[in-house]
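A quick write-up on the structure given underneath.
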Amino acid sequence: TRTPVNVTVTGAAGQIGYALLFRIASGHLLGPDVPVRLRLLEIPQAVKAAEGTAMELDDCAFPLLSGIDITDDAKTAFDGVNVALLVGARPRSKGMERGDLLEANGGIFKPQGEAINAGAADDVRVLVVGNPANTNALIAQQHAPDVPAERFTAMTRLDHNRALSQLAKKLGVAVTDIRKLTIWGNHSATQYPDLFHAEVGGRIAAEAVNDQSWLENDFIPTVAKRGAAIIEARGASSAASAANAAIDHVHTWVNGTDEGDWTSAAVVSDGSYGVPEGLISSFPVTAKDGRYEIVQGLEIDEFSRARIDASVAELVEERDAVRGLGLI
Ligand code: NDP
């Protein structure tokens, strides 16, 4: 039998954690023949709730789940970790300034980066879900100098999936008919879902849509503001779809993208497409041999250029703010 893969989930007692853990334990993260050992990290006041979730996990008698540990100590949580899903973050509360938000999250992601640096397995892969995800990932990465930078990523796969679904509806096609869609930039309202490289039945998606007004005034804002629309409708933020996207992100990372297709993920920039080196920004990426790689050589027209630049400018501002706070 195979040795279990250590999967650490932070914020495990939260909404996303509740939607995520059962799918990890049932084999959807890594595959139906890979046993997993779960490590749940929570803040002390939420450990009891995490224990409740663990009781339910026990009660599923998942054949692939070889154990669950619960802790409020980052060092313990990340010791030997192979896959780290950083979901827990400090939400913005009423009246909170952006600097306060970044500072509170620095207090979470700095020690987590250090703990990953100290104890993670050689093949560790990190996905940050907790917002502001790109900058939280940057903070953790900067405090893990011994881990290859490419192992730190942030999630834009939910935005990608939302865009796939909106486009499929508009064109009356299946999501599986769409290839090469891209989310560029920050996981925020400035993100840019790009239909100028996406393909539908061999045609460029923007041409198949042939409706610039829909693209600008409907599609882009619908994708970028979908989270708020779900809160408005459901009375709670999206959780199952966020968990699903986290599963997709790691599954693709490990198992690869299909030939002739790519996906979206926020990865450390190598300077491609004018995105400053070192920023964790969303790009079109392929996955092969367990590595995400930025798709090279795409022509970027003026419309896309302006939107990519605006989102990247926001990431630069966030980076400069955490630098100013001494968090990186
Ligand atoms: P959720 O599980 O709903 O969300 C967790 C994080 O994911 C938030 O930062 C949220 O950002 C983010 N997120 C990213 N994408 C999405 C999306 N599409 N939809 C919704 N959220 C998204 O939060 P809960 O409050 O239910 O749970 C958080 C848990 O984390 C709590 O149990 C808390 O105790 C724990 N925590 C743990 C820490 C640790 O382990 N060290 C540190 C801090 C908190 P946004 O706020 O922008 O919605």
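Gaussian network model of the chain, Cα springs within a sub-10 Å range: biggest mean-square fluctuation belongs to which of W214, W262, W253? Of W214, W262, W253, the Gaussian network model singles out W214 as fluctuating most. The alpha carbon centroids of the range 270-328 and the range 78-133 are separated by 19 Å. Look at the alpha carbon pairs under 8 Å that are at least 6 residues apart: their mean separation over the length of the range 171-328 gives a relative contact order of 25 percent. Taking Rh as the Kirkwood radius computed over C-alpha pairs, what is the Stokes-Einstein D of the range 13-58 at 4 °C in a medium of viscosity 1.567 mPa s, expressed in µm² per second? So the translational diffusion coefficient is about 116 µm²/s. Between Q112, Q212, Q191, the GNM of the chain built on Cα springs shorter than 10 angstrom shows Q212 fluctuating the most. Using alpha-carbon pairs under 8 Å, 6+ residues apart, how would you state the relative contact order of the chain in percent? Answer for the chain is 17 percent.
Computed from the mean reciprocal separation of all distinct C-alpha pairs, what Kirkwood hydrodynamic radius does the range 178-328 have, in Å? Before the final figure, lay out each step's value.
Values: mean 1/r = 0.0603 Å⁻¹.
Hydrodynamic radius (Kirkwood, Cα only) of the range 178-328 equals 16.6 Å.
DSSP bridge analysis restricted to the chain gives an antiparallel fraction near 45%, rounded to the nearest 5. If you count Lys pairs in the chain whose Cα atoms are under 30 Å apart, skipping same-chain pairs closer than 8 places in sequence, the total is 15. Sorting F62, F219 by solvent-accessible area of protein heavy atoms yields F62, F219, largest first, with a 1.4 Å probe. Considering only I116, N131, V87, the residue lying farthest towards the positive end of the dipole of the range 69-140 is N131, judged by Cα position with unit charges set on Cβ.
Of the DSSP H helices in the chain, those with a Cα length along their own long axis of 24 Å or more and a mean Kyte-Doolittle hydropathy reaching -0.5 comprise 98-119, 302-324. When the Cα positions of T263, A239, V175 are compared along the charge dipole of the range 142-293, A239 comes out farthest toward the positive end, with charges on each C-beta of Lys, Arg, Asp and Glu. Three principal axis extents describe the C-alpha atoms of the chain; from largest down they are 52, 45, 40 Å. Given a 1.4 Å probe and every protein chain left where it sits, what share in percent of the accessible area of the range 95-191 is carbon and sulfur? Solvent-exposed carbon and sulfur of the range 95-191 make up 45 percent of the total. Just so you know, the Cα atoms of the range 49-177 work out to an Rg and Dmax of 17.7, 50 Å. Note on Y18: accessible area approximately 110 square angstrom, rounded to 10, probe 1.4 Å, nucleic acids and ligands left out.
The values are calculated or read from the model by the stated rules, or taken from the named source; none is laboratory data. Just so we're clear, the structure is a prediction, and the values are computed from it rather than from any experiment. Cβ coordinates were reconstructed from backbone atoms using ideal geometry, including for glycine residues, and neighbour counts include every protein chain displayed. All accessible areas refer to the heavy atoms of the entire protein, side chains included, with ligands and DNA or RNA removed. Shrake-Rupley method; radii C 1.70, N 1.55, O 1.52, S 1.80 Å.
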